[in-house]
Each structure stands twice: as C-alpha cells, then as structure tokens.
1. Need the list of lysines near Lys265 for cross-linking: C-alpha distance under 28 angstrom, and skip anything on the same chain fewer than eight residues off.
2. Kindly put Thr113, Thr105 in sequence by how many other C-beta atoms sit within 10 Å of each C-beta, fewest to most.
3. Modelling each spin label as a point 7 Å along the Cα-to-Cβ direction, I'd like the Tyr243/Phe176 distance in nm, to one decimal.
4. Going highest first, how would you order 20-26, 123-129, 84-90 by mean Cβ packing within 10 Å?
5. In degrees, nearest 10, range 0 to 90: what is the angle between the Cα axis of helix 239-263 and the longest Cα principal axis of the chain?
6. Hey, what angle do you get for helix 12-26 against the long axis of the chain, alpha-carbon based, 0 to 90 degrees rounded to 10?
7. With +1 assigned to the C-beta of every Lys and Arg and -1 to the C-beta of every Asp and Glu, and no other charges, what is the dipole magnitude of the chain about the Cα centre in debye, to the nearest 20?
8. Of Gly79, Gly10, Asn223, whose Cα points farthest to the positive end of the dipole of segment 2-270 (charges on the beta-carbon: +1 Lys, Arg; -1 Asp, Glu; origin at the Cα centre)?
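We did not get these values from a lab; they are worked out from the coordinates using the rules stated. The model shown is predicted, which means the values in this text are computed figures rather than measured ones. Positions of Cβ are generated from backbone atoms using ideal geometry, with glycine treated the same way; all protein chains shown enter the neighbour counts.
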Amino acid sequence: MFQIFKEHKGFSKQIFLLSKSELKKTYKGAAIGPLWALVKPAFTIFVYWFAFSVGIRGSSEVAVDGVGDFGRFIFMVVGFTAWFFMSESITLGSKSIRQNSQYVTKVAFPVSTIMTFTQLARLYVHLFLAAIMYIIVVFNPQGGVSWYNLQFFFYCPLMFAFFTVLAWSTAPMAAFSRDFENAVTAFMSGVFWISGIFYNSYDMPLPLLNKIMLFNPINFFANGYRNTFLYNKGFWENETELYIFLGEFILIIILGIWNYNRLRKRIPDVL
C-alpha cells in the first residue's frame, strides 16, 4: 500500500491530464466524439426495456410489484447507470497496462497510476450519465428530490475506489496473459445476468438466493443506487449487505497489493 501511495505522490497533475487524454483517445475519430458515451447506454437501455417490457410480456400486464412500464424503465435507468461504469471499469481496467504499455516500457512512469487515470476517465463519463439519470428520476411522477439522494456521494467514490483496487490485480495479470484479459471480457456477460441490474434482487423467489446475492459487489452498488434515487433507503439500513461488502473490499485490497507487488517489476520485460 505504501509503495502504491509513493507512486501516486507528486503525479496528481499527470494523472488528471492522462485521464482526459484517455477519454479523448477512446472516441478519437468519431464524428460526435464523447457523445457516444451517452448513445451506447441509451440504446442498450432501450433494447432491454423493449425486449422485456414490450416484446416478451407484450401480451400480458407489464407490472413488477405493482410498477408498470414507465416504472420499470426508471428502475432500469438507475441500475444501468451504475452497471455501465462497473462493466467498463472491469474490462478496461484489466486492459489498462497493456493498452498503455508505452508508459511502462519507454518512460519511467509509476505503473499503478495507469489503473488510476484509466478509471478516472470512466468516472467522467459516469458523472455525466448520472446527471442525466437524476434529471429523469426527478421529473418522473414516481421519483423526486430527497435527501437520500446525497448518498450518491457515498456510493460513487466507493465504487470508483473498489474497481480501481480490483484493477491492481487484473491489469498486471492481463499484461502477462491475453487469455486472462479475454476471460474477463467473456465473464462480464455472465456477471450481468447474475446481478440485479434489471430485476429486484431483494425479491428473489428463494430466501437462499436473496442471501447469495448479498455477496455480489455489483449487486451492492446497483441496489445502492436504487436505494438512493428510488427507494429512499439509507445504506446503514441493511447492515448485513454493508458488512459483507466491506469484508470483500478489504479482501480485494489485500489481493490487489499482493498481486501488484509480485508482478510489477516483471511487467516491463513481459510487455
């Protein structure tokens, strides 16, 4: 941990500059540029809403616990806002060292800061999407402004920290093996379906499933965003879910430090 902090010391300006460069690089050559960051999630939300609300259930009453079409759309918007950040943080975080290999092989640059500015670039997009999501929620009949909305400033930094720490493990391993990088990408499609992104994981048919879902950190943040903007519930109200997540966070920190320290000196040779 001290080694990673040492690598970040004195590089804050470079990290912010490189995060902007990373964002521009992602949409380089596109006519509408960074607006693709909005078009992609908007289209994805529409497709899922249409498939599950209009297509598959078109012949029956579209209601989930008394919430109709429009309510389901808002439910999905809030969940997907968190999901897009998490999915890109995992996939692009694992690729970050390999995609920025010039900072490792050609210049003396702290390796751990690569994961930081990569995640920071994703955070810019997330904040933009979160602002649009909040406008939709506020002007929705089922939404509105609440002081619980301030919990966004608890969940968002925590989410950024969690997936940055996760990249301490995945990025060095992906630098050593493209198979690991491809496995992470393939794994994400399954993670989506076992996480409560467009269904209520608090209301699973079996009590055992409800308990198992508490161990999914992606589920923790999806539920956290809905508690913040839809349910008006405090993060402290479900102590079990919070304690499980904090335990997982500590474990991820330990594994991340261990993995990074054992691989960082060998990364330049591998690349």
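1. Straight-distance partners of Lys265: Lys6, Lys9, Lys13, Lys20, Lys25, Lys95, Lys106.
2. Thr105, Thr113
3. About 3.5 nm, to one decimal.
4. 84-90, 123-129, 20-26
5. 20
6. With rounding to tens, the tilt is 60 degrees.
7. That gives the chain a dipole magnitude of about 1260 debye.
8. The residue sitting farthest along the positive end of the dipole is Gly10.
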